[in-house]
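Okay, so here's the structure we're looking at.
Bear in mind these aren't lab numbers, they're just calculated from the coordinates by the rules spelled out. Keep in mind that this is a model prediction, so the values were computed, not measured. With ideal geometry, Cβ positions are generated from the backbone for all residues, glycine too; neighbour counts draw on all protein chains shown.
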Amino acid sequence: MSDKKRTTLRPHGWLFGFGPDGQTAEYETVKCVHCGGHFVLQPGSGRLRGWCVNCNGMICGPDCVECVPEEQLLLNLEAGRPADYKPIQVSTAGLIVPGG
């Protein structure tokens, strides 16, 4: 029988470990939508977590408050751009272009 304590309805991963007394511990992890790091939710731990309304997902803490989704972060690292670079997005729906 597992001693796992349920932390989320839809975990993104699991962490298995051993305590100092040799007992196994199993925890559910959640993935940060900005940096891609996994963390264990521990209610009452005092750690600041958050929710990004743009990405619709959990963030791991104050360091990931600025919304740069994980995919954009990876593209920035591959292209040698700063990690917080976000391209300007312009919608041209319904725009009539002369000569087009």
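Return the FRET efficiency for the residue pair Glu71, Ser91: r is the Cβ-Cβ distance, R0 is 22 Å, and the value is rounded to the nearest 0.05.
Once rounded, the FRET efficiency stands at 0.65.
Diagonalise the Cα gyration tensor of region 13-79 and give the resulting equivalent ellipsoid semi-axes, square root of 5 times each eigenvalue, largest first, whole Å.
Equivalent ellipsoid of region 13-79: 27, 15, 9 Å, largest first.
What is the fewest-to-most order of Tyr85, Tyr27 by other Cβ atoms lying within 10 Å of their Cβ?
The order, fewest Cβ neighbours first, is Tyr85, Tyr27.
Please report Val30, Val65, Val90 as a ranked list, fewest other C-beta atoms within 10 angstrom at the top and most at the bottom.
Taking fewest neighbouring Cβ atoms as first place, the list is Val90, Val65, Val30.
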